[in-house]
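Scroll down for the structure; my scribbles are underneath it.
The values are calculated or read from the model by the stated rules, or taken from the named source; none is laboratory data. The structure displayed is predicted, hence computed values, not measured ones. Neighbour counts are summed over all protein chains in view; Cβ atoms, including those assigned to glycine, are modelled from backbone coordinates with ideal geometry. Note: accessible area is taken over every heavy atom of the protein model, side chains too, but ligands, DNA and RNA are not part of it. Shrake-Rupley method; radii C 1.70, N 1.55, O 1.52, S 1.80 Å.
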Amino acid sequence: MKALRYPAWDVLEIANVDEPVPAPGEAVLQVAAVGICGSEVEAVAHRSPRRTPPLVMGHEFCGEVVAVAPDVTDVKPGDRVVSSSLIPCGRCAACRSGAIHLCPERAIFGMNRPGAFAERVAAPARVLLPLPERVSPLQGALVEPLANGVHVWSRVAAKFPETVVVIGCGAIGLLALQVARAGGALRLVAVDTSDARLEMAHAVGAEPLFNPARDAVVNEIRAFTRGRGADVVIDAVGAPATRRTAVEAVRPGGEVVWIGTHGDVTELSGRDVVLGERRISGSYAVTYDDLTTAVALFAHGKIDIEPWVRPFPLEEGARVFRQLLTAPPADYAKAILLP
Ligand SMILES: [Zn+2]
Ligand SMILES: [Zn+2]
């Protein structure tokens with residue numbers, strides 16, 4: 001079958017690879033759509049040891065079951081399904097409490113086992129969720145990133161925060177914005193260094209828009225909130241500068257969520273955090289509940305993907321990857337491959 005292979009550092013190519021065979025407990029899916037994740041572009045750009053070639057990447061996917069191992073009873077050929085991107089062990093304390101994303105034994109598609117940049121992929125049946133007919137394949141490929149936005153929002157305690165700021169308008173930021181709106185946020189503010197990305201945020205409901213290349217973002221957010229600061233700030237970039245902006249822009253008693261890991265050590269004002277009782281949470285990956293919520297948000301028409309998502313045939317995968325490695329495109333924020 002055809003696959004987008006990552007055979008060696010700096011190389012991506014369309015190649016013929018062996019058909020997947022379902023191991024006990026597994027199903028094989030005909031991949032309908034698979035998203036290219038920022039983490040995969042980063043991995044190629046920085047030769048990440050977490051994704052060492054040779055490899056077929058791809059962990060954000062949906063499709064139709066075409067074969068199952070003899071012991072599989074919960075899915076059958078013909079079922080439309082979406083997959084979790086990670087495979088928890090199912091036995092440890094984290095797994096038993098539902099925190100599958102914190103399982104120390106977790107495996108990830110396209111990292112520890114073959115991913116879905118291919119016509120077909122094998123997956124344990126226990127990590128598949130049913131995908132309703134009214135959720136399109138493009139939406140199906142976005143269930144996992146949307147679930148990341150749902151997970152971010154699950155870290156926020158406020159019920160109807162007046163002002164929610166999202167820093168970073170890539171796919172996760174654009175989805176987090178819309179989850180916040182569906183979850184009760186009254187006003188959405190977007191921050192990005194790219195005006196093209198800010199326009200995409202505007203198209204999905206954010207207003208006002210601030211660009212740190214031009215605007216003193218923290219001052220602008222304070223002015224917009226009559227000197228108070230935002231109720232919630234989500235940093236979807238994960239760089240030291242954006243983490244700091246998030247803490248400086250949130251009001252006393254407000255909440256900050258960090259997702260993304262572009263840099264590690266971050267210098268912050270401890271006094272701002274302590275005297276302002278500002279709360280900072282990390283958000284990593286998703287639970288099955290987050291995936292289920294993401295499917296429901298799509299099924300009920302709560303998420304707009306048209307202004308910022310672009311599909312490509314699998315055959316163009318290497319070219320699209322090269323483009324994403326060179327510079328972020330101005331006309332879309334998320335590429336989805338259709339095998
Ligand atoms: Zn991803
Ligand atoms: Zn586990």
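Calculate the all-directions average of the projected area of region 104-198's alpha-carbon convex hull, and give it in nm². Please report the intermediate quantities before stating the final value.
Numbers: hull surface 35.3 nm².
With the hull built on Cα positions only, its mean projection is 8.8 nm².
Would you kindly derive the ³J(HN,Hα) couplings of region 110-117 from the backbone phi angles with the Karplus curve 6.51 cos²θ - 1.76 cosθ + 1.60 (θ = phi - 60°), listing them in order in whole Hz, with x for Gly and Pro?
Per-residue couplings from phi come out as x, 9, 9, 7, x, x, 9, 6 Hz.
Once the piece of chain linking SER194 and TYR288 is laid out straight, how much longer is it, given 0.36 nm per residue of separation minus the C-alpha distance between them?
Extra length from SER194 to TYR288 when fully extended: 30.5 nm.
Whole-Hz Karplus ³J(HN,Hα) for region 66-81, in order, using 6.51 cos²θ - 1.76 cosθ + 1.60 and θ = phi - 60°, x for Gly and Pro?
Taking θ as phi minus 60°, the curve returns 10, 7, 9, 5, x, 8, 8, 10, 7, 10, 9, x, x, 5, 8, 9 Hz for region 66-81.
What's the extension gain from GLU277 to ASN112 if we count 0.36 nm per residue and subtract their Cα-Cα distance? Let's see the in-between values first.
Numbers: separation 165, 0.36 × 165 = 59.40 nm, distance 4.01 nm.
55.4 nm is the gain from fully extending GLU277 to ASN112.
Sorted by average packing, counted as other Cβ atoms within 10 angstrom per residue and highest first, what order do 260-269, 137-146, 284-293 take?
Working: 260-269: 12.8, 137-146: 25.4, 284-293: 19.7.
My ranking of the peptides, most packed first, is 137-146, 284-293, 260-269.
On the accessible surface of region 123-224, probed at 1.4 Å, how many percent belong to carbon and sulfur atoms?
Values: 2030 of 3750 Å².
Looking at region 123-224 in its full context, I get 54 percent from C and S.
How much FRET efficiency would the formula 1/(1 + (r/R0)^6) give for ALA69 and LYS159, where r is the Cβ-Cβ distance and R0 is 30 Å, rounded to 0.05?
Numbers: r = 45 Å, r/R0 = 1.49.
According to the calculation, E is roughly 0.10.
Restricting to region 148-282, what percent of DSSP beta bridges are antiparallel, rounded to 5?
Working: 0 of 20 bridges.
Beta bridges within region 148-282, antiparallel portion: roughly 0 percent.
Hey, can you grab everything whose amide H is under 5 Å from the amide H of ILE108? Only 5+ residues off in sequence or another chain; H modelled, so Pro and N-termini drop out.
Here ILE87, ARG113 satisfy the definition.
Among SER281, GLY63, PHE109, whose Cα sits farthest toward the positive end of the charge dipole of the chain (+1 at Cβ of Lys/Arg, -1 at Cβ of Asp/Glu, about the Cα centre)?
The listed residue farthest towards the positive side: SER281.
When the helix-only estimate is applied to the chain (DSSP H runs of n ≥ 4, each -39,500 (n - 2.57), divided by the residue count), what is the mean residue ellipticity at 222 nm, nearest 500 deg cm²/dmol?
Numbers: 11 runs with 96 residues, N = 339.
One gets -8000 deg cm²/dmol as the mean residue ellipticity at 222 nm.
Per residue, what accessible area does region 148-282 have, given a 1.4 Å probe and all protein chains present, in Å²? Mind dumping the intermediate values first?
Numbers: 5830 Å² over 135 residues.
About 43 Å² of surface per residue is accessible.
Give the separation of the Cα centroids, region 41-115 to region 160-230, in Å.
The two parts, judged by their Cα centres, are 32 Å apart.
Name the residue farthest towards the positive end of the dipole of the chain from the options ALA157, THR73, ALA180, assuming +1 on Cβ of Lys and Arg, -1 on Cβ of Asp and Glu, about the Cα centre.
ALA157
What per residue convex hull volume, in Å³, do the alpha-carbon atoms of the chain yield? Numbers along the way, then the final one.
On the way: hull volume 43.7 nm³, N = 339.
For the chain, the hull spanned by Cα atoms encloses 129 Å³ per residue.
How would you rank 152-159, 187-194, highest first, on the average number of other Cβ atoms within 10 Å across their residues? It would help to have the intermediate numbers written out before the result.
Numbers: 152-159: 18.4, 187-194: 23.2.
Per-residue mean Cβ counts within 10 Å order the peptides as 187-194, 152-159.
Give the peptides 246-259, 62-75 in descending order of average Cβ contacts within 10 Å, highest first. Intermediate results must be reported in sequence, preceding the final value.
Working: 246-259: 22.4, 62-75: 17.1.
Listed from highest to lowest mean packing, they are 246-259, 62-75.
Using the Kirkwood radius over Cα pairs, work out the Stokes-Einstein diffusion coefficient for region 150-231 at 4 °C and 1.567 mPa s, in µm²/s as a whole number.
103
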